Structures are given as C-alpha cells and as structure tokens.
Amino acid sequence: MKAAAAIITIARAGTAPLHQVLGSDSYALATAQVQNLVTDLEAGHALATTTDITEESR
C-alpha cells in the first residue's frame, strides 16, 4: 500500500524522477550502483580524455 500511494502521489504531482526507487533497501542498492559507476568512470578518465578530437587532430 505504501508503494502504491507513493506512486500515485508522484504521478499526480507530475514531478516524478526518471528512476524512482521505493524503500530504503532499494535506495541503498541504487546508491551503491551509482557510486560503482562513478568509480569506474574516474578510473578511466585519463584514458578517455586522450581520445578527444581537437583542432590539431582534424
């Protein structure tokens, strides 16, 4: 019932985020996944920026 009420509330408000999590366990899981993604992105940052297209490389 709580989840249904929450979904109805955000549907009526029209302000729902693209990915709405419900429950503290879901929130913790999603937060951990986002942090893992950030860690991966930061680890590859130096290599990623070496592939930039610059005026010199055109």
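The values are calculated or read from the model by the stated rules, or taken from the named source; none is laboratory data. Computed from a prediction, not measured in an experiment: that's the story for all the values here. For neighbour counting, all protein chains shown are included, and Cβ atoms are generated from backbone atoms with ideal geometry for every residue, glycine included. Side chains are part of the model used for accessible areas, which takes the heavy atoms of the whole protein and leaves out ligands, DNA and RNA. Shrake-Rupley method; radii C 1.70, N 1.55, O 1.52, S 1.80 Å.
For this structure, a couple of remarks:
- Backbone N atoms of region 17-58 closer than 20 Å to the 7 Å Cα→Cβ label point of ALA11 belong to residues 17-23.
- When the alpha-carbon atoms of the chain are used, the pair Rg, Dmax equals 19.1, 60 angstrom.
- Under 14 Å, Cβ to Cβ, from GLN20 - net charge with Lys/Arg +1 and Asp/Glu -1: +2
- For the chain, carbon and sulfur atoms together expose 62% of the accessible surface, with a 1.4 angstrom probe and every protein chain in place.
- Surface accessible to a 1.4 Å probe, per residue, for the residues of the chain, Å²: 92 Å²
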